[in-house]
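Colleague: Please find one structure pasted underneath; my questions will follow.
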Amino acid sequence: MNFLNNVFLFIFTPNCEICGKIAKSYICNNCLKNIEEDPQIVKYNSNIHCYTFKYEGLIREKILQYKFFNKPYLYKMFSEFFVKNEKVCGFLKNYDIIISVPMTKRKIAQRGYNQAELIAKEIAKNVANLKLEKDILIKVKETKAQSTLNKNERLENVKNVYKVQNEQKIKEKNILLFDDIYTTGATCHECIKTLKLAGAKTVGILTIAKDFQKTN
């Protein structure tokens, strides 16, 4: 029986998504330490916005793989960056509900998954009193890819494309909005405006990374 248990543990032990070695979690302690010591890495949190990385180097590469190269399993690694960080967890405890930036059904069908929602769901599983809501904020029309537009075009591109349903669930609640990358903030702030108009008490932002190179 012990032999079978050991075989089971070996087969289902996660690999570190950075170095590929067998580890106790989806990023090993050595790689986590190396990333945290990288001068390009930042940990920023305020009352309304929290992000962990600059959108550069290895993190940028992993986010691109996650979004565009059919690697949905990387959500485990990204979520661990948040739930293993005491300061971030302290930030998360200020909120009642976590909502991911929504995609249209057509876009989800093309990609196969909503990358932000997968991470938000995993965060909610690991943070007490933080509940994931998937049927609140919806995207009602297709838009151009924000990455192809300048700052002013981004603002116009997302105007009035989000809608709140089931408003009673967010009345007087503290909402945390999750997205993968923060650039000009056009998408996040349009979502925040929509949520507040629907009765949310406060809305904060959580992102994996901030793109300092493309703000215009």
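Every number here is computed from the coordinates shown, using simple stated rules; none is lab data. Remember, predicted model here, so these are calculated numbers, not experimental data. As a convention, Cβ positions derive from the backbone with ideal geometry for all residues, glycine included, and neighbour counts pool all protein chains shown.
Colleague: Once you keep just the Cα pairs under 8 angstrom separated by 6 or more residues, what percentage relative contact order results for the chain?
Modeller: Contact order relative to length: 20 percent.
Colleague: I've got another one for you. Give, rounded to the nearest 20 debye, the magnitude of the charge dipole that the chain has about its Cα centre when Lys and Arg contribute +1 at Cβ and Asp and Glu contribute -1 at Cβ.
Modeller: With Lys and Arg at +1 and Asp and Glu at -1, about 480 debye.
Colleague: Rounded to the nearest 500 deg cm²/dmol, what is the calculated helix-only ellipticity per residue at 222 nm for the chain, with -39500 (n - 2.57) per DSSP H run of length n ≥ 4?
Modeller: -11500 deg cm²/dmol
Colleague: Could you grab the relative contact order for the stretch 73-130? Cα pairs under 8 Å, six or more apart, rounded to a whole percent.
Modeller: After rounding, I find 51 percent.
Colleague: Rounding to the nearest 10 and keeping the result within 0 to 90°, find how far the Cα-based axis of helix 115-126 lies from the longest principal axis of the chain.
Modeller: For helix 115-126, the angle is close to 70 degrees.
Colleague: Which is farthest toward the positive dipole end of the chain among Gly204, Thr187, Leu74, measuring Cα position about the Cα centre, with Cβ charges +1 (Lys, Arg) and -1 (Asp, Glu)?
Modeller: Towards the positive end, the residue furthest out is Thr187.
Colleague: What length, rounded to one decimal in nm, is gained on full extension from Asn174 through to Asn126, with 0.36 nm per residue of separation minus their alpha-carbon distance? Mind showing how you got there, number by number?
Modeller: Working: separation 48, 0.36 × 48 = 17.28 nm, distance 1.79 nm.
Stretched out fully, the Asn174 to Asn126 stretch lengthens by 15.5 nm.
Colleague: Compute the separation of the alpha-carbon centres of the stretch 94-119 and the stretch 152-216 and state it in Å as a whole number.
Modeller: Taking the Cα centre of each part, the stretch 94-119 and the stretch 152-216 sit 13 Å apart.
Colleague: Additional query: How long is the gain from Asn15 to Asn30 if the chain were fully straight, where each residue apart is worth 0.36 nm and the alpha carbon distance is subtracted?
Modeller: Residue separation times 0.36 nm, minus the Cα-Cα distance, leaves 4.1 nm.
Colleague: Compute the length gained on full extension between Lys76 and Ser147: take 0.36 nm times their separation in residues and subtract their Cα-Cα distance, giving the result in nm to one decimal.
Modeller: Details: separation 71, 0.36 × 71 = 25.56 nm, distance 2.47 nm.
The Lys76-Ser147 span can extend by a further 23.1 nm.
Colleague: Then there's this: Between Val140 and Leu58, take the C-beta separation as r, use R0 = 25 Å, and let me know the FRET efficiency to the nearest 0.05.
Modeller: So the FRET efficiency works out to roughly 0.10.
Colleague: A follow-up question, please. For the pair Phe68 and Glu156, how long in nm is the line joining their label points, each one 7 Å along Cα→Cβ?
Modeller: Modelled inter-label distance: 2.4 nm.
Colleague: Measuring from label point to label point, each 7 Å out along Cα→Cβ, what is the Lys214 to Ala109 span in nm?
Modeller: A separation of 2.7 nm, rounded to one decimal place.
Colleague: Let me ask you something else. Determine ³J(HN,Hα), in whole Hz, for all residues of the stretch 92-97 in sequence, where each value follows from phi through the Karplus function 6.51 cos²θ - 1.76 cosθ + 1.60 and θ = phi - 60°; x replaces Gly and Pro.
Modeller: Per-residue couplings from phi come out as 5, 5, 7, 10, 9, 9 Hz.
Colleague: Share of antiparallel DSSP beta bridges in the chain, in percent to the nearest 5?
Modeller: Of all bridge pairs located within the chain, approximately 25 percent are antiparallel.
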